[in-house]
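Q: Got a structure for you, questions after.
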Amino acid sequence: MSQLVLGIGEYGASKTPGGIIKTYALGSCVAVVLLDPRTRCVGMIHIALPEAQINPARAQERPGYFADTGLPLLLQQMNQFGCAPRGQGMFVKLAGGASVMSINDTFNIGRRNVAAVRSILQGYGLKIIAEDVEGNISRTVSALVSTGEVILSSPGRPDWKL
């Protein structure tokens, strides 16, 4: 079993049977999981902020950090695995976008991340089939390449499927 672990601002894709793509401890960050049933490819990105214009220098060094620059790059990477260039036919699952620092999150980063991701996906014509977003819990996301299942975990709770 191969495991691809993504940090903040990282993205990756796999077609390896038995493989897992995983990212840890999403707070206000959002994990977008793209599933292509035709090629059996799974991709994931760990997005920290909605728009690259917030920090152009960071966007240059780590474009996956931002929804608007990272999602197109994930689609490009998945295209190298034989997926449609604009993600046609893919299924999308989202997790994260919480307000874990304080209930009165002044900047609403989690909510803004979720809104940005939804808008970008809509622009590609991609539909979200499942999501577990916002709230106030941290989430770890594991995508199983063989089945397309997405498993979420959070401290003090049993794991659940998305």
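Throughout, read-outs are computed from the coordinates displayed, never taken from laboratory work. Just so it is clear, the model here is predicted, and its values are computed rather than measured. Virtual Cβ from ideal backbone geometry, glycine too; neighbours counted across all protein chains shown.
Q: Using packing as a proxy for protection, rank 53-65, 34-46 so that the peptide with the highest average count of other Cβ atoms within 10 Å comes first.
A: Ranking the peptides 53-65, 34-46 by packing returns 34-46, 53-65.
Q: If we count other beta carbons within 10 Å of each Cβ, what is the order of ARG118, ARG111, fewest first?
A: Listed from fewest to most nearby Cβ atoms, that is ARG111, ARG118.
Q: Between beta-carbons, use under 15 Å as the cut-off and find the net charge around ARG62, counting Lys and Arg +1, Asp and Glu -1.
A: -3
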